[in-house]
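See below for the structure under consideration.
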Amino acid sequence: MITSRTEVVVGRVLLLLALALTLLPLLNMASAALQPAEVNPRGLSWPSDPQWGNFVTAFETGHVWRLMGSSLLIVLGVVPAALLIATLAGYALGSLRVRGGGAVLLFLVLGLTIPFEALIIPLYYQAEALGTLNTRWAVILPLIGLFMPFSVFWMRAHFVNVPPELSEAARVDGAGLWQEFRRIQLPLATPALSALAILLFLWTWNQFLLPVVLIDDPLNRTAAGALTFFQGQYSLSIPLLNAGALIVITPVIIVFLIFQRQFVKALLQGAVKS
């Protein structure tokens, strides 16, 4: 594929624009977080005397370790279960072509159109009826279900593009359905599973609305949902609010930077197959 000089220039300009739009808010938050706690920062300006102690104050008095632990428990409850269910369902719809799979797929696609906000009230009363209200299960169980449409659709898109000759060869060699799935299909699905795991982690960690509505104790919410705790405690200190927000989003940035190669590999793999 030959790329013209104009396309290269336009591509680089768009990348630089996207980079600027991504980094400017973070730089603005960082500059605000380093201002004196009693100052109300305005605009992007680096302080002459950076107050790095704001991060220590926000970390200690904001119970960040407990918030991170709560977020981690919710992530561990959501991501493995969602990956397992989505992989099995995607394999059934994409490779086995089960009867009625088209209707199930259409139902899942319709589920992609339903916003979380429209389900808050039903989820609240359902959690109350199940006795999970004000517990982490009130967030874990709905998130698994809410992530299913995209997750199953994602995994089906992988399995539907796996050459059927591989399954036929495995059957000829005497492999059963489970052996074929475990020894052939799962290793091939590693890039798709890795990318989906990253997305589910990011979405769960950044989940704000469900924890705020379904859990009263801010320390049992996700780290993003606990930002309301920072707001209540530091409502008059914009620098400390920004310091707390930066601490909360740091794990997300680290995870994405570590696994970005796997994520890009899965996207490119899907593009080549299609």
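Figures for the structure shown
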{"read-out": "Binned Cα-Cα distance frequencies in the chain - 10 Å width, integer %", "value": "6, 22, 26, 24, 15, 6, 1, 0"}
{"read-out": "Portion, in percent, of the accessible area of the chain that falls on carbon or sulfur, probe 1.4 Å", "value": "69 percent"}
{"read-out": "By average C-beta atoms within 10 angstrom, highest first, the peptides 240-251, 74-85, 8-19, 120-131", "value": "240-251, 74-85, 120-131, 8-19"}
{"read-out": "Positive dipole terminus of the chain, leading residue within Gln35, Leu193, Thr61 (C-beta point charges)", "value": "Leu193"}
{"read-out": "Region 1-117 - accessible surface per residue (Å², probe 1.4 Å)", "value": "67 Å²"}
{"read-out": "Restricting region 1-69 to chymotrypsin sites (Phe, Trp or Tyr not before Pro) in coil, as DSSP defines it, with at most 16 other Cβ within 10 Å", "value": "Trp52"}
{"read-out": "Electrostatic dipole magnitude of the chain [Cβ: Lys, Arg +1; Asp, Glu -1; Cα centre; debye, to 20]", "value": "720 debye"}
{"read-out": "Whole-Å semi-axes of the ellipsoid equivalent to region 174-220 (Cα gyration tensor, √5λ, descending)", "value": "37, 12, 6"}
{"read-out": "Under the span-like rule (Cα at least 20 Å along the axis, Kyte-Doolittle mean at least -1.0), DSSP H helices of the chain", "value": "5-33, 64-91, 137-159, 190-205, 238-273"}
{"read-out": "Mean shadow area of region 5-55 over all directions, Cα convex hull, nm²", "value": "4.4 nm²"}
{"read-out": "Förster radius 30 Å - calculated FRET efficiency between Thr22 and Lys265 (Cβ-Cβ, nearest 0.05)", "value": "0.90"}
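The values are calculated or read from the model by the stated rules, or taken from the named source; none is laboratory data. Computed from a predicted model, the values in this text were never measured in an experiment. Here the Cβ is made from the backbone with ideal geometry for all residues, glycine too, and neighbour counts use every protein chain on show. What goes into the accessible areas is simple: the full protein's heavy atoms, side chains included, and nothing from ligands, DNA or RNA. Shrake-Rupley method; radii C 1.70, N 1.55, O 1.52, S 1.80 Å.
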